[in-house]
Amino acid sequence: MPLLAQLAARRSAEPRELTAPPPPPEVLQAAAELAMRAPDHQALRPVRFVHVGQQERAALGELFARAAQARGRDAVGMQMARERAFVGPALLAVVARIRDDVADVPPHEQWLTVGAALMNLLNALHLQGFGAKVLGGSAARSEVVRRAFCHEGEQIACWVIAGTLADAQAAAPTATRPPAPIPRDLLGDWTPDWTPDWAPDGTPGGMP
């Protein structure tokens, strides 16, 4: 299929359509590298990606629950927020750093770079045989979640979930190069630096 036809076939997959296996590390690496080919005035690199592994989903769920509690949600709402951390075989946080101290590159230009990088990432996943979807939501704007992912001056722009499309498992390509270490400044793994201290009844304890 011609490349343009392949790109034209890309669509946002529903979470229920995304199944295992998730994109392997080398596929995510290639997608992140292509994302950095987005136009970037003065090479500010206002975007990076953070991979949340399966073993870190529970910790992320507790952060989502804390964020829900801060918005006044009850125990049921907190549990619903907690479960959202387990959506998608693969999960990436899209982290943006929009600067206001570069006169020649106003914030709106930096956001254009973030959006272009995101589209490149989605196209790269698609061309490698994987489906994906961009998710937003209040958790991305939560300060407790932001602190767990972002450095000073950064914010979470959105989330990306990815996996094998349920109707195309047989078409997923085999990687043609060996896995390579993922540079942390381009696509890093999220490692929670705190231990959830929720009581069995759901009562939160103190944040370290």
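The values are calculated or read from the model by the stated rules, or taken from the named source; none is laboratory data. Not measured: the values here are computed from a predicted model. Using ideal geometry, Cβ is built from the backbone for each residue, glycine included, and neighbour counts are taken over all protein chains shown.
Details
- Condition check for GLN29 on (1) more than 18 Å from GLY137 (Cα to Cα); (2) in a loop (DSSP other than H, G, I, E, B): one failure, at (2).
- Scanning the stretch 1-34 for residues that are in contact with a strand residue (DSSP E or B) (Cβ under 7 Å, 6 or more places away or on another chain) and crowded, with 19+ Cβ neighbours inside 10 Å yields a count of 7.
- Pair list, Cβ under 7 Å, 6 or more apart: the stretch 134-154 residue more than 18 Å from ARG99 (Cα to Cα) and assigned to a strand (DSSP E or B), other residue among the polar types (S, T, N, Q) and modelled with pLDDT of 95 or more: VAL134/SER12
- Of the set (1) of a type outside the set (A, V, I, L, M, F, W, C); (2) part of a helix (DSSP H, G or I); (3) in contact with a Lys or Arg (Cβ under 9 Å, 6 or more places away or on another chain), all apply to GLY88 but (2).
- One residue alone among LEU125, LEU135, LEU118 is within 17 Å of GLY188 (Cβ to Cβ), under 14 Å from the mean Cα position of the chain (by Cα) and surrounded by 15 or more Cβ atoms within 10 Å (Cβ to Cβ), and that residue is LEU118.
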